[in-house]
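The values are calculated or read from the model by the stated rules, or taken from the named source; none is laboratory data. Remember, it's a predicted structure, so these values are computed and weren't measured experimentally. We place every Cβ from the backbone using ideal geometry, glycine too, and count neighbours over all the protein chains shown.
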Number of protein chains: 2
Amino acid sequence: MAQQGVTPQSEDFSRWYTDVVQKADLADYSPVRGCMIIKPYGYELWEAVKAGLDRRFKETGHKNAYFPLFIPESFLKKEAEHVEGFSPELAVVTIGGGKPLEEPLVVRPTSETIIGWAFQKWIQSYRDLPLLINQWANVVRWELRTRLFLRTMEFLWQEGHTAHATHEDALAETMRMLGVYTDFAVNDAAIPVIPGRKSNQERFAGAVASYSIEAMMRDGKALQAGTSHDLGQNFAKAFEIQFTDENNDLQYCWTTSWGVSTRMVGAIVMAHGDDQGLRLPPKLAPIQVVIVPIFREESQRASVMAAAARIKAMLHEAGLRVHLDDRDNFSPGYKFNDWEMRGVPLRLEIGPKDVANNTVALARRDVPGKEGKRFVSQDGLVGTVRDLLDDIQASLLRQATEFRDSHLHEVTSNYQDFIEVVRGGEWALAWFCESAACEERVKEDAQAVSRNFPLEQPHPGEQGKCIICGQPAREMAYFAKAY
Amino acid sequence: MAQQGVTPQSEDFSRWYTDVVQKADLADYSPVRGCMIIKPYGYELWEAVKAGLDRRFKETGHKNAYFPLFIPESFLKKEAEHVEGFSPELAVVTIGGGKPLEEPLVVRPTSETIIGWAFQKWIQSYRDLPLLINQWANVVRWELRTRLFLRTMEFLWQEGHTAHATHEDALAETMRMLGVYTDFAVNDAAIPVIPGRKSNQERFAGAVASYSIEAMMRDGKALQAGTSHDLGQNFAKAFEIQFTDENNDLQYCWTTSWGVSTRMVGAIVMAHGDDQGLRLPPKLAPIQVVIVPIFREESQRASVMAAAARIKAMLHEAGLRVHLDDRDNFSPGYKFNDWEMRGVPLRLEIGPKDVANNTVALARRDVPGKEGKRFVSQDGLVGTVRDLLDDIQASLLRQATEFRDSHLHEVTSNYQDFIEVVRGGEWALAWFCESAACEERVKEDAQAVSRNFPLEQPHPGEQGKCIICGQPAREMAYFAKAY
């Protein structure tokens, strides 16, 4: 049974999502159409995502910097594909300080252009390369149909921008960051994403090649959870990003860009959530353990609350993120539901009997009902809790992986079978010639496009025939409906 | 002697500032007039400021959240003083997705209005109070005369917004956050700021009372480094932020807001820097210790570099922020200058003799020349370095405090003396009646305004006569030229 006010997933997944995001206090609509308010609990989750990514960026030698929100309109026009891709989505400032501007300013939809301008100034010689920069920022893309976290007019993200001396180096960086994203998604977010190359049609506007990590949501739809782009010399030529090499010859740089946004929060919600609400992976959960004290009589309050406070201090001391729900005006049952909705991985209950017996009850969010509940000694509790959190982290990844694998189908028979799989909300892995015509046909027949050519091909070195047109194809791609 | 390309402070402090900010790689101008690019080294310094503040906000019960960049123009108009104060400074989006907007969107200059809208939705009962929210964000104010970090069209900041059941609680919060800012400035940034109340003329647009921390720069000018506002019920009434109290009566909330911005980076530069460049307080320095290996002959390289790497690992292991400058293409002398410019608190030199003797040389940034240099054993080096960093932190605060105190003058004699002090670039502490006419007269006569009425009054409980008009005055205020 779903929680009060939450549409069951089986009834309407999309409404379930919106219900849970709001009931779990992650985010809310704003008075500005298309913009969202990220509430404290949602922002804490985003801070955990940021911390996990930022640590990995710094470990791989990247430095954070900050570039202007506003970009001169003329900058966007310097890269032909780029301006074509982003023009329909721009928010434009035309008035500043009460006066019309001579040149309108675009609110950044992404920062390749303005960072390209800076790189041109910063890079002189091969000694300045590679230049490895990341920016945490807000960006704006004018979206007509928006959904909390998944597609909003303004969103928060990080955008990495790097410059290299050779195409080989730039490509290695592109793949390294795709690997960083995969590592984060799998090991921190417990989402078994599939890394791969986007088709030419689905490339970033201005890139030579785009790569993505694709995640499967619990309605079977795909969600692109991060992208990494090999920009070739496109932006280097548009912005004159040049360096003198070891022979003193002037060369154009090779650049990359890569990004993950607040969409990742939506991915976490839809990859793990159930009809009771969120299920957060312990590594990212703002609260890993919630303590709910239970007593019927006022005379029991003091001893139960004292034990609860002592346990909270002990777990906090051990570096765990723990919260004691000492609210007077709610029943334990209400609190159980509330913390289940918010996806706290582990609930710790303590009552008068537990105080007497030196025990507590631990209830796992990932295993419902009695099966997920056990009584344990307060001795060695830190170790018990740590082990359980590790187990929950692994269990969420395992459940998501099993779910994913049961909805992936390699289709080599014929186009009809292929389209039926995709129409049915499953993922089809099939030979694909990568032509725009074939991509378009699938879009018309199944409201779906290719997700990516997975790096891990099932038949490496082999060739096949495109499932759509029958022409030779060198790689297999996933097709699925997507967010 | 000043470093190459740096104007001495005594010659032109303002040019010194711009030279150092650029030479130390903190920031750069951008192609958009009034916007700046925060370079990696400057951004790391800002990250340290953020971390120091964010920790304190969380310790005092605040939660981070995120609100939209765009604010409907009509929102700003709901609070009369607020719109009057900010109207001339707005950047306005009039085109979105290629079409003119029905209602223009203002790029937030501050977020009282949109957060007020959210608070109205979030708060129902006294149980929801206090609501303690902070936001890390970019804001835009259309400035004509801009300077890196000090005054830029777009800047980064945090803005706290809280709602309370009583005016007493709101005022306590206003003062608590002023205290948090003071604590951060004094103990982390080593800047002996003066907390106090702004005059009515210098209040935030829409506040009942504004408080600030005022810092003295090394040219004697004042810089407002943080503000905390008691907003009374002004925004609560404009946005209908109401709650039902314990008697079930509907009441308006009392709100506060408070902010510190990337200006703080400018304050750190100008409170400590000298003709050699930055001098960063160890608690905030991105690099606390820089290791410069020194050898003349190629045969000495291996042993020196091995020792340098070992020491780096040891210091890093101990949690210190350490950098090994292993660049081949620069001489040790060049490196010394470079790291002095960047304000690294401690330089560690190691050469062949040191390797043989198990020593290193340590040179303090805050004490120039031989006096600041000593040779120490590699045994117990972590402790030696820690002690020295503590000492440098204390020394920078002491130097800044001595400098400040030698430029503060209590003036009780007459207006002429008072104006001469302020005109001469010093701070005058004087009885002030707080009238607009008096404030205006000082502005005309000395291009200065009141900074604040310090919380710590020299003659508590006493009254005096306004140094400007001679009318009764209940408090003394600082007057100074300011950034």
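Number of residues in the range A:164-190 that are more than 18 Å from A:SER257 (Cβ to Cβ), surrounded by fewer than 24 Cβ atoms within 10 Å (Cβ to Cβ) and not β-branched (Val, Ile, Thr): the value is 3. Cβ-Cβ distances below 6 Å connect the following pairs, each with a first residue in the range B:311-332 that is assigned by TED's automatic domain parsing to the domain that holds B:VAL360, a second residue that is charged (D, E, K, R), and a separation of six or more residues or different chains: B:VAL322/B:LYS312; B:LEU324/B:LYS312; B:ASP325/B:LYS335.
Report whether or not A:ARG197 is within 25 Å of A:ALA436 (Cβ to Cβ), within 14 Å of another protein chain (Cβ to nearest Cβ) and basic (Lys, Arg).
Numbers: within 25 Å of A:ALA436 (Cβ to Cβ): yes; within 14 Å of another protein chain (Cβ to nearest Cβ): no; basic (Lys, Arg): yes.
When the stated conditions are applied, A:ARG197 does not pass them.
Highlighted here are the strands (runs of 3 or more DSSP E) found entirely within the range B:249-368 that include at least 2 residues which are of a type in the set (Val, Ile, Thr), surrounded by 15 or more Cβ atoms within 10 Å (Cβ to Cβ) and under 29 Å from the mean Cα position of the chain (by Cα): B:254-261, B:289-293. Scanning the range A:84-110 for residues being surrounded by fewer than 23 Cβ atoms within 10 Å (Cβ to Cβ), touching a residue at least 12 places away in the same chain (Cβ under 8 Å) and either assigned to a strand (DSSP E or B) or not charged (D, E, K, R) (or both) gives a total of 7.
Within the range A:132-146, restricting attention to residues that are facing another protein chain (nearest Cβ under 8 Å) and closer than 16 Å to B:PHE67 by Cα, the residue that is farthest from the chain's Cα centre (by Cα) is A:VAL140.
From the list B:GLN120, B:GLN124, which residue is in contact (Cβ under 8 Å) with a residue 12 or more places away in the chain and within 11 Å of chain A (Cβ to nearest Cβ)? Reasoning before the result, please.
Numbers: B:GLN124 fails: within 11 Å of chain A (Cβ to nearest Cβ).
Selected residue: B:GLN120, the only one of B:GLN120, B:GLN124 that is in contact (Cβ under 8 Å) with a residue 12 or more places away in the chain and within 11 Å of chain A (Cβ to nearest Cβ).
Scan the range A:120-149 for residues that are at pLDDT 95 or above, among the β-branched types (Val, Ile, Thr) and not in a strand (DSSP E or B) and jot them down. A:ILE123, the sole residue that qualifies.
From the list B:VAL83, B:VAL92, the lone residue that is modelled with pLDDT under 95 and in the same structural domain as B:ALA205 (by TED's automatic domain parsing) is B:VAL83.
Quick one: would you say A:GLN224 is surrounded by 19 or more Cβ atoms within 10 Å (Cβ to Cβ), at pLDDT 95 or above and out of contact with any Leu (no Cβ under 9 Å at 6 or more places or on another chain)? Reasoning before the result, please.
Numbers: surrounded by 19 or more Cβ atoms within 10 Å (Cβ to Cβ): yes; at pLDDT 95 or above: yes; out of contact with any Leu (no Cβ under 9 Å at 6 or more places or on another chain): yes.
Taking the combined requirement at face value, the residue satisfies it.
Among the listed residues B:LEU53, B:LEU76, B:LEU69, which satisfies the condition of being within 30 Å of B:TYR17 (Cβ to Cβ), away from chain A (no Cβ under 12 Å) and crowded, with 19+ Cβ neighbours inside 10 Å?
Details: B:LEU76 fails: within 30 Å of B:TYR17 (Cβ to Cβ); B:LEU69 fails: away from chain A (no Cβ under 12 Å).
The conditions single out B:LEU53.
With respect to (1) among the hydrophobic types (A, V, I, L, M, F, W, C); (2) within 30 Å of B:LEU171 (Cα to Cα); (3) in contact with a strand residue (DSSP E or B) (Cβ under 8 Å, 6 or more places away or on another chain); (4) not in a loop (DSSP other than H, G, I, E, B), the lone exception for B:VAL421 is condition (2).
Any residue at all in the range A:61-80 that is modelled with pLDDT of 95 or more and part of a helix (DSSP H, G or I)? Checked the range A:61-80: no residue is modelled with pLDDT of 95 or more and part of a helix (DSSP H, G or I). The condition of being surrounded by fewer than 24 Cβ atoms within 10 Å (Cβ to Cβ) and modelled with pLDDT under 95 holds for B:ALA205. Pairs meeting the criteria (first residue in the range A:258-284 and basic (Lys, Arg), second residue part of a loop (DSSP other than H, G, I, E, B), beta carbons under 7 Å, at least 6 apart or on different chains) are A:ARG263/A:PHE149; A:ARG263/A:LEU150; A:ARG279/A:GLY273; A:ARG279/A:GLY343; A:ARG279/A:ARG365; A:ARG279/A:ASP366; A:LYS283/A:ASP188.
Residue under question is A:GLY5, and the condition is that it be more than 8 Å from chain B (Cβ to nearest Cβ), in contact with a Lys or Arg (Cβ under 7 Å, 6 or more places away or on another chain) and over 22 Å from B:ALA137 (Cα atoms); does it hold? Full working, then the answer.
Numbers: more than 8 Å from chain B (Cβ to nearest Cβ): yes; in contact with a Lys or Arg (Cβ under 7 Å, 6 or more places away or on another chain): yes; over 22 Å from B:ALA137 (Cα atoms): yes.
Considered against the rule, which asks whether it is more than 8 Å from chain B (Cβ to nearest Cβ), in contact with a Lys or Arg (Cβ under 7 Å, 6 or more places away or on another chain) and over 22 Å from B:ALA137 (Cα atoms), A:GLY5 comes out as yes.
I need the full set of residues from the range B:401-455 which are closer than 24 Å to B:ALA185 by Cβ and of a type in the set (S, T, N, Q), in order please. Correct list: B:THR401, B:SER406, B:SER450, B:ASN452.
Take A:LEU101 and decide whether it is within 11 Å of chain B (Cβ to nearest Cβ) and touching a strand residue (DSSP E or B) at 6+ places or on another chain (Cβ under 8 Å). Here the answer is yes, as A:LEU101 does meet what is asked. Any residue at all in the range B:187-209 that's touching a residue at least 60 places away in the same chain (Cβ under 8 Å), closer than 30 Å to B:GLU349 by Cβ and among the small types (Gly, Ala, Ser)? Within the range B:187-209 (the criterion being touching a residue at least 60 places away in the same chain (Cβ under 8 Å), closer than 30 Å to B:GLU349 by Cβ and among the small types (Gly, Ala, Ser)), the answer is yes, since at least one residue qualifies. Taking the criterion of being more than 15 Å from the chain's Cα centre (by Cα), within 19 Å of B:ALA163 (Cβ to Cβ) and either in a helix (DSSP H, G or I) or hydrophobic (A, V, I, L, M, F, W, C) (or both), would at least one residue in the range B:48-60 satisfy it? Yes, the range B:48-60 contains a residue that is more than 15 Å from the chain's Cα centre (by Cα), within 19 Å of B:ALA163 (Cβ to Cβ) and either in a helix (DSSP H, G or I) or hydrophobic (A, V, I, L, M, F, W, C) (or both).
So B:ASN64 passes all but one of these: (1) more than 21 Å from B:ARG141 (Cα to Cα); (2) out of contact with any helix residue (DSSP H, G or I) (no Cβ under 6 Å at 6 or more places or on another chain); (3) within 10 Å of chain A (Cβ to nearest Cβ). Which condition number does it fail? Among (1) more than 21 Å from B:ARG141 (Cα to Cα); (2) out of contact with any helix residue (DSSP H, G or I) (no Cβ under 6 Å at 6 or more places or on another chain); (3) within 10 Å of chain A (Cβ to nearest Cβ), B:ASN64 violates only (2).
The residue list B:GLY369, B:GLY343 contains one member that is within 23 Å of B:ASP19 (Cβ to Cβ) and either in contact with a Gly (Cβ under 6 Å, 6 or more places away or on another chain) or at pLDDT 95 or above (or both), which is B:GLY343.
Residue count for the range B:438-475, restricted to those that are under 25 Å from B:GLY220 (Cα atoms) and at pLDDT 95 or above: 25.
Could you pull out the residue among A:ARG441, A:ARG451, A:ARG474 that is more than 23 Å from the chain's Cα centre (by Cα), under 27 Å from A:PHE13 (Cα atoms) and either surrounded by fewer than 17 Cβ atoms within 10 Å (Cβ to Cβ) or not β-branched (Val, Ile, Thr) (or both)? Spell out the reasoning first.
Details: A:ARG451 fails: more than 23 Å from the chain's Cα centre (by Cα); A:ARG474 fails: under 27 Å from A:PHE13 (Cα atoms).
The match here is A:ARG441.
Of the set (1) within 27 Å of B:ALA137 (Cβ to Cβ); (2) surrounded by fewer than 18 Cβ atoms within 10 Å (Cβ to Cβ), all apply to A:VAL139 but (2). Considering only residues in the range A:21-41 that are more than 8 Å from chain B (Cβ to nearest Cβ), modelled with pLDDT of 95 or more and not in a loop (DSSP other than H, G, I, E, B), the one that is nearest to A:GLY5 (Cα to Cα) turns out to be A:LYS23.
Yes/no per residue for (1) touching a residue at least 12 places away in the same chain (Cβ under 8 Å); (2) surrounded by fewer than 16 Cβ atoms within 10 Å (Cβ to Cβ); (3) in contact with a Pro (Cβ under 9 Å, 6 or more places away or on another chain); (4) in a loop (DSSP other than H, G, I, E, B):
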{"position": "B:THR384", "(1), (2), (3), (4)": "yes, no, no, no"}
{"position": "B:GLN399", "(1), (2), (3), (4)": "yes, no, no, no"}
{"position": "B:GLN416", "(1), (2), (3), (4)": "no, yes, no, no"}
{"position": "B:ALA430", "(1), (2), (3), (4)": "yes, no, no, no"}
{"position": "B:PRO458", "(1), (2), (3), (4)": "yes, yes, no, yes"}
